[in-house]
Every structure is written in C-alpha cells, then in structure tokens.
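One structure is given below, encoded as structure tokens.
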Amino acid sequence: AGAQGKGKGKGKGGKKGKNKGGKKAAGEQEAAQVQHAGQDTQNQRAAVTKTPALRANQLAATTTASPPPTSPATLTMDLLKQQNDRTSEAVIAMFKGDDVFERVSKTEFQMLRSRDDEDAEKLVKGIAISVKKGVLPAKVDVEPVTRIVVDGKTAEQVANEIYAKAQSGGAGGKLLVFQGLSGTGKGTTVATLKSMMPNAVTWSNGNVFRALTLLLVMQCEQDGLELTPAVITAERVEQLMKYLSFGKFGGRYDIQVDGLGVKALVSEIQNTLLKEPRVARSIPTVAQETQGEVIHFASKAVKIMNDDGISVLLEGREETVNHLRSPFRFELMMENDGVLGHRRCAQRVMAAGLQALQGQDGASFDAVQAAMRAALEQISSEHEAPAKATESSKPTASPAKATEPSEAKASPATLTMDLLKQQNDRTSEAVIAMFKGDDVFERVSKTEFQMLRSRDDEDAEKLVKGIAISVKKGVLPAKVDVEPVTRIVVDGKTAEQVANEIYAKAQSGGAGGKLLVFQGLSGTGKGTTVATLKSMMPNAVTWSNGNVFRALTLLLVMQCEQDGLELTPAVITAERVEQLMKYLSFGKFGGRYDIQVDGLGVKALVSEIQNTLLKEPRVARSIPTVAQETQGEVIHFASKAVKIMNDDGISVLLEGREETVNHLRSPFRFELMMENDGVLGHRRCAQRVMAAGLQALQGQDGASFDAVQAAMRAALEQISSEHTSIKVSNAGTPSLPTSQDPATCPPPAPVPPRDAEDPFEGWLWPGVAVLSIGLGLGAFLWSRRR
C-alpha cells in the first residue's frame, strides 16, 4: 500500500518478537495496539513482546495452529521434478540436523529479514515526515489484528480462513488489510482471495503517487524550480491534492487529474504521461515526503467503494496500514522463524539439484542425494565468498605480507587472469574491489551511469510514443490491469542468487508452462539473470520481439516497393498492418517452434532468413519507423505465441520495458532494481574495463597478477580519455551509442545481454557503410581505368 515508486521494493513486515508464536488469551479482552509513527521499529517490536497483557490482546484473534504435518516423502527424482511444497518438505527432512543446511538457512533468513528491516526504516522516515508536518497523527488506535499461522498450509487454506472471518462481518463492502514478513505468502493469498470474492478489488497507492508526482513536476517546471524535498511543502501538496479526485467516471471507478492544464483519468494516462522519465525518476523523493497525503486519499477512495458494496483487498507494510481503519486486519506469520530460512534454502537447493540432474530422468536415489549435497555446498560457498572478500579487503598488519602476489591471488576478490577470462558478475565485482576509492574509476562510473540513464530515458520516451500510437489506433487498450510485480533488490547478489529467488517464486505457481516477465533499468542484470534462469529450467525458452518486427518490416518494405510508395509513418495504417500480420504465423514447423512468413512472394521460416533477408539494409534502416507504429500488433502476436508455448508446457522468459510488458498478462512479473544508483555506474564501468582489459591480454593465458593489474589500469585510463574527448567535442553533452534495433526487446541468450559492453557498439554500421563506399569507389575507378 505504501508504494514508493519504481526505485523502492515492497517490503513485508519485519517483526522479530511476533513470529515466536503465542497462545490465545484465556479471556476475551479489549485489544488495542498503539503505533508511534516516528518511533524506532525495533523498539516497538520489543515493547510489544515484553508486555504480556498487550501481547495477549494482540493475539486474541489468532486462528488455530496449523494441522499436524504429514511425514515428508522421500526425495526421489520424480518428486524433485515437481519442484513444489512437497519437494521442499522432503529436502528439509533430508537435511534435518545438518550443520551446513542450518548455517545456509540462517543466512538466507538473515538476508530476507535485512531487506524487510531496511524497507521498514525507510517507510518509518516517510511516516515521521508526515507526522512532523501534521498530516498524520503521531498516535493511532489500531483495531485487533488476526494473526494467521501459515506453517504447513496452502494459499487456499489460508484464504479460506480469511474469507470465513470476512463473511462473519455480514454483507456489504469491506476493507481487508494484509501485513506480514516477506515470504509468508501475502501476495498469493490476496490473489486467491480476490478470485473467491465476486465483488472485490485490490488497491495500490502506486498511481496516486505517480499522479501527484506529475503535478509536482509540472508545477516545478512552470516555476523554474528543482524538485527537491524542500519544495514539497505541506501547503503545496495540499493544493495539488485538490486536483486529484476519486469516483465513478463512465460507470467505472477511477482517479481523475484536473489541474495545471491536465484533465484526464489516470487509466488514460497511466502508460503515457505517468510513465514519462521526468515522473519516474522523481517518484522516490515525492513518495517519502507525501505518505500522509496519499494515505488520506486512499482511505477516502476505499470508503467510496465500500459504501458501494465493493470489498477492497489492501496489502502493505504495518507502518502504513496502521493509518487505515478496518476491523478486518490480518497478519500472515510463521510460528518458527527458522522455517522461512529452511524453506528458502530448500527452494534454492532443489532448483540447483534439478539443474545438475537435467536429462537424467531415471536418476537413482543415491544420485539425487549426491546432487542435493553438491548443490547445498555450492550455495554455502557463495555465502562464504562475500565474507572472505570483505576480510581480504581489510588492511593487513604486515606490509610485506600484503604485497606478496600469492596472498593477492588467493583472495576471492582479487582479479586474476582466470577470473578475468570468465567475464561475469564475479569478474566485475573483483574489478570494482580493485578500484575501490579510485578517483578515475569513480569519475568514469558516474559518467557511465549518466549515459545509461539518458539512454533509458530516451528509449522510454520513444516507446511511450509508440504505445500511444497503438492506443490511438485502437490496437491497444488505454488502460491495463497489471498483476503485482515482485521487485528484487540485486545489490550484492550474484546472478545465481537472483535467479534462484525468481525460480522459487515461479515454482510456487505449480507445474506447467508459464510466462515470466522481466523489467528494470539497464545495468541491473536482466539479461544475465534470464540466461541463468533458462539454464535452470529444463523446458524454458527466451522470447524477443526483434524478429517479429524484422519480418513485419520486410513485408512493409516489399509492399511499398511493389506499390511505388515511400515507407513513412503515414503508410503504416492499421488496415495495412492488419493485412500483413496475416502473413505471419507462429507454430511448430518440423518439430520446432518458429515464425513463418507466407505472403508477397515469400514463404520461409524466420530461422531460415534471419541472417539474410531480415538483415538487408532496406529492412534495417526501416525498423525504427515500423517499430514505433506497430507496437500493439507485435505485442498481440507475442501474446498469442507465448500462449501456444505455455499450453505446450513450455515456460517463456520475456525481458522488456515496462511500457511494453504491461500489455502481456502474467502473474509472474519481476523487476530487478538497485537501492544504490551508484552501483549501476560501478558495474557498467567495470564491465567496460574488464572487456577492454581482456582484449589487451588476448593470447596471454598465463598473464601475471601485475600484468592483469596494468591492463586494467590502462583500460580505465583509455575509457576516461574517451569520456573527456566526448565532453570536449559535444560541449559537455555525452554522446550516447545508438541502438541498431531500438524498438525491439533485448536479444535472448546466447546473444550477450545489453548489460555486457560491446566494444563495437555504435561503430559497426558506420564502419560497414564506409567500407561499402570505399569498395564501390574502387570498383568504379578500376572500371574507368580498364
């Protein structure tokens, strides 16, 4: 509920004392929970735990404990392939009492808890700001919370318990509030409950924050101000909130923006104005300063819907939802904190174990056990590596020992030739560690981040225009209901760790083909994560719209040539594109899925012509124009193709921009994000340096530690000089590399992801052009000489 925009994750819970269980109070006492918004969250939790009477009152409505668990099944290959809750129970049973499993589980739980606590601290600051401004009260009387122990229960069982409680409150619209730690299943429970309640909706504050941010941005632009916390005064926000109203418009509930020259429904501008970069980058600042105003708006909107008989399901952090009034409050919890760690660890182990046994359907019991043990040891070593790297970066007491090459090479954080050749996330971490505190590296990283962000903003603007064109033509709807997005903070994690988190989420959805959607800023590791995840999922493929755009462009080019027309936006009408799209079909050809082109004299599979006809200059130079005008049609084609593969049991991994993927339906949506923007610059700089360094050391497999260090330094200095020359030649404006296919989704593995630096990016096609001109001129002169 306290959505903090694009750059903020959706933290869940964060209580220590409340997860230690607790018996029902013997007597029915009147319960009250006091929340001081600015108070430290850990002190609040301790206070609740240490006051028995209050604790008993808080737990007065706790449901019955979970049913006694059945004996876990033995882990066989068949059970391992199911990758569900029964599999994880069997893994936990297998490693019961195992020291390594307990240690890894503890670390996994600590990582989960740390993220929750960090999110809680940020939100407490936002609430405290609203309290200080007088927008929110410092003290709120919170209704009793029904705490539901989810240990050993399915989402359906939990949803049924909540449904029974809600129904006992009589008919009519209600607000159901959900809170609890990450990993306790709130999102799944809310989705299940919504499907059970015919007149229920979910609520998120996301679009309220976006609409308010748009107004603040516009007002600051009009007044010539920079949008900083100092500008976001209570008086200014109060005035702008008057431009937002909630009610029925055209028979449907919506938010209306009416002020500063804008009059539109949020559903009409949520994929255009509200997604503009100037809005997106300001949301975190606005969200922290306006929690109170948005909570009041949400409260009024909920009341309007409740009075109309509509129930609202609202999931959020305790710090926020405590300011919303409802007798139907639920906290999902586990009696044993360790269960979360065990479950998290088991999910990672069983995913890695299945990957190791890929293709061995008849693997023996001993082989399965061995694979599980190896997977556990691997995860354990991943946990230990960051700790060792931190220790190795500390100054040693002996200067002589610190300069010994053998000591440097033994450290996991030290960049050796072998590690440099891997060119992966571990290599970039070593490069970042090597240049820690280096002024040149920091300066280059900052410029790289600025260039990355500028390119993202430019791409977003182009794509928003393309989506708007499709909406105007009636090909895409103006409003789409997007499923909840799981935001994953990738700071300090390897691609394997991120992929394992996503894999566990996907597996919780049961067997069968699924569409997994990935979004996020450039540099957050989407391409690497998708490639890693694909290697973990035996029946998964990646999808890119690139070849669909190319095939459609080929048909448009051919038709324009036949009709003697120039391929311009005016020619790309909805009717023309609709007709040409009929010449494209997706299905199995020769036992393999492919796209077939059958029209205008061409009959071929895309796989047969992707490096010939589809790469011709006449096609390449027209793709940007076609892509901007046909986003909707290509999205529809992709949606149908994905469904065909999903129905065949194949999972599809699709990476793209939020503006596009919002039009594809899937409950498995992931946004990779970083809490520290500077990390993106460091990673980008490291990727460029390590690529250039490896190129310089080509053929020197046995290069010494000193040679590697020298090559890295030379590469960094070279990139720094490139940045300087760009600034001089462009009066301080960085020159951004241009994409050869700007409107398409990033290419699937094994093509290097966009995160990987291509040393020839931006130079390939100009080089080809110059070469072509040179050859043509040479041929002409030779013919004249003859």
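The values are calculated or read from the model by the stated rules, or taken from the named source; none is laboratory data. The shown structure was predicted, so the numbers you read here are calculated from the model rather than taken from an experiment. Neighbour counts are summed over all protein chains in view; Cβ atoms, including those assigned to glycine, are modelled from backbone coordinates with ideal geometry. Keep in mind that these areas ignore ligands, DNA and RNA; they rest on the heavy atoms of the full protein, side chains included. Shrake-Rupley method; radii C 1.70, N 1.55, O 1.52, S 1.80 Å.
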Unit Cα scatterers, Debye sum, segment 90-220: log10 I(q)/I(0) for q = 0.21 Å⁻¹: -1.34
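Between K465 and F365, take the C-beta separation as r, use R0 = 60 Å, and let me know the FRET efficiency to the nearest 0.05.
Step by step, r from the Cβ atoms, then E = 0.55.
I'd like to compare 415-427, 579-591: which one has the highest average count of other Cβ atoms within 10 Å, and what's the full order after that? Intermediate results must be reported in sequence, preceding the final value.
On the way: 415-427: 18.5, 579-591: 14.3.
Final packing ranking: 415-427, 579-591.
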Karplus-derived HN-Hα couplings along segment 305-315 (A = 6.51, B = -1.76, C = 1.60, θ = phi - 60°), whole Hz, x at Gly and Pro: 5, 4, 5, 8, x, 9, 8, 10, 9, 10, 10
Find the centroid of the Cα atoms in segment 254-329 and in segment 71-141, then give the distance between the two in whole Å. 28
How would you order 511-519, 470-478 from highest to lowest mean count of nearby Cβ atoms within 10 Å? 511-519, 470-478
Which semi-axes, in whole Å and largest first, does the equivalent ellipsoid of segment 164-320 have when worked out from the alpha carbon gyration tensor as the square roots of 5 times its eigenvalues? 31, 18, 14
For segment 80-157, take N as its residue count and report Rg(C-alpha) divided by 2.2 N^0.38 Å. 1.71
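Give me the percent of accessible area attributable to carbon and sulfur for segment 74-202, probe 1.4 angstrom.
51
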Taking Lys and Arg as +1 and Asp and Glu as -1, residues besides V100 with C-beta under 12 Å from its C-beta add up to -2
Scoring only Lys, Arg, Asp and Glu (+1, +1, -1, -1) among other residues with Cβ under 12 Å from the Cβ of I572 yields -3
Of all accessible heavy-atom area on segment 633-684, the percent that carbon and sulfur account for (1.4 Å): 53
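Can you pick out the pairs among K534/K588; K132/K165; K96/K505; K174/K493; K421/K526; K603/K640 whose Cα atoms lie more than 31 Å from each other?
On the way: K534/K588 21 Å; K132/K165 36 Å; K96/K505 23 Å; K174/K493 41 Å; K421/K526 21 Å; K603/K640 21 Å.
Over 31 Å apart, Cα to Cα: K132/K165; K174/K493.
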Ordered by number, the GluC sites (Glu not before Pro) in segment 201-302 that occupy a DSSP loop and have at most 13 other Cβ atoms within 10 Å are E226
Tell me, what are the semi-axes, in whole angstrom and largest first, of the equivalent ellipsoid of segment 438-532 as set by the roots of 5 times the Cα gyration tensor eigenvalues? 28, 26, 9
For segment 296-368, with all protein chains present and a 1.4 Å probe, just round the carbon and sulfur fraction of the accessible area to a whole percent. 52
Applying the Karplus parametrisation 6.51 cos²θ - 1.76 cosθ + 1.60 with θ = phi - 60° to the phi angles of segment 189-204, what ³J(HN,Hα) value in whole Hz is obtained for each residue in order, glycine and proline being reported as x? 5, 4, 4, 5, 5, 4, 5, 8, 9, x, 10, 10, 9, 9, 10, 9
S720 and E221 label points (each 7 Å along its Cα→Cβ direction) are spaced in nm at 3.8
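Calculate, for segment 485-579, the solvent-accessible area per residue in square angstrom, rolling a 1.4 angstrom probe over the heavy atoms of the protein chains.
34
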